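The values are calculated or read from the model by the stated rules, or taken from the named source; none is laboratory data. This structure is a prediction, so every number in the text was calculated from the model and none was measured. No Cβ is skipped: glycine too gets one built from the backbone with ideal geometry, and neighbour counts run over all protein chains shown. Please note that ligands, DNA and RNA were not included when accessible areas were found on the heavy atoms of the full protein model with its side chains. Shrake-Rupley method; radii C 1.70, N 1.55, O 1.52, S 1.80 Å.
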Amino acid sequence: MRRAGDLYGDIANTSALLAAYVRASDRKRTHRACFNFARNLGTNIFSLEAELLSGEYCPRPCNRFWVTEGRKPRLIEAPAFRDLVVQHAVYAAIAPIFDRRFVDTSFACRVGYGTHRAGDWLQAAMRRAPRDAWVLHIDVRKFFYSIDRGILQSLLERAIKCRRTLDLVELLAWRAEPTGIPIGNLLSQILANVYLNSLDHFCKRTLKARDYGRYMDDSIMIAPSRETGLQWLAAIERHLALLQLEISHHSLQPIKRGANFVGFRTWSSARFVRPRVITELRRDARKGSIEGVVSRLGHARRTCSFRPLMSHLQAAHSDLYAALPQGFRAAHAGAGG
């Protein structure tokens, strides 16, 4: 594919920055930073445009904090709101360029994709696979923190030749640490996909893994035999080393044992949410957190876990059950709940 030319004009203009503000403010209008930016919206937009065009733009320090929920703590580096607006403008300009370079089974942070589509794909792949096939699942060690920004920049240059745009992306992806890109940064989502896009093509084209998928740093594929799976594992380990990455853990097991991927435990005939989701839903129900319960149910809705979870809420938390969206209650009733 040809490299994209002058993109900077699509970023540093009033219309693009206003549209970026609208996207950045979605669900954030009650946040103080968003409110303060909107109070002088015209002035702030013109100021950003002038700084970008003059080359004087410099992101403000990120708000750094740790999130301890989930399997492992994560250092979040949230940008200032004005910088988030710039990121949305950059994202709108570069995302279409890279999206058409991604494989169809790269499911993270893409419009129309996501965990449910990834789960559907895996289950369909398991159904058409031979019963003696094996599932290889690979996770990258400290992925976001380990990304080599020099390698990332060279990968970006393969698709974009606009120097000012490349310099701006580099500025927004900078961290005080020598490696890594910020978690909690909008651009980091697409940059992570760019970084592992070569792995996707390597697995599909070189290894000839017909059924291969990835969600961020979790890759999963179906191998015809254990021996093939071991060969793929060794080859992937060598390819990741070229990107200065290491495998955190992997599993290689018969397809009949199912697979853990994108928060689901999947077999060819059934799909369940992971036990952690059930624990979190029950915790949210005890706290009366309707938002948390709705989020967990949304994740479970297309799985065999949905009906038991709804029945539990109906029996143990009737008031909360009655407050659930009608669609959830209708689906439960239609399932015989």
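Data overview
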| quantity | calculated |
| --- | --- |
| Out of R265, R205, sole residue that is at negative phi, part of a strand (DSSP E or B) and under 25 Å from the mean Cα position of the chain (by Cα) | R265 |
| Subset of the stretch 3-17 (residues that are assigned to a helix (DSSP H, G or I) and surrounded by 17 or more Cβ atoms within 10 Å (Cβ to Cβ)) | Y8, D10, I11, A16, L17 |
| The one condition in (1) under 21 Å from the mean Cα position of the chain (by Cα); (2) open to solvent by 20 Å² or more (accessible area, probe 1.4 Å) that V85 fails to fulfil | (2) |
| Qualifying position, being over 16 Å from the mean Cα position of the chain (by Cα), surrounded by 15 or more Cβ atoms within 10 Å (Cβ to Cβ) and in a loop (DSSP other than H, G, I, E, B), among R164, R175 | R175 |
| Y215 under 19 Å from the mean Cα position of the chain (by Cα), among the aromatic types (F, W, Y), open to solvent by 20 Å² or more (accessible area, probe 1.4 Å) and closer than 30 Å to S295 by Cβ | yes |
| Selection from the stretch 211-236 of residues that are closer than 15 Å to D132 by Cβ and touching a residue at least 12 places away in the same chain (Cβ under 8 Å) | D211, I222, A223, P224, S225, R226, T228, G229 |
| Where G114 falls short, out of the listed (1) touching a strand residue (DSSP E or B) at 6+ places or on another chain (Cβ under 9 Å); (2) on the phi < 0 side of the Ramachandran plot | (2) |
| Number of the condition not met by N260 [criteria: (1) outside any loop (DSSP other than H, G, I, E, B); (2) of a type in the set (S, T, N, Q); (3) open to solvent by less than 60 Å² (accessible area, probe 1.4 Å); (4) touching a helix residue (DSSP H, G or I) at 6+ places or on another chain (Cβ under 9 Å)] | (4) |
| Unique residue being crowded, with 18+ Cβ neighbours inside 10 Å, part of a helix (DSSP H, G or I) and on the phi < 0 side of the Ramachandran plot when the list is L230, L245, L281 | L281 |
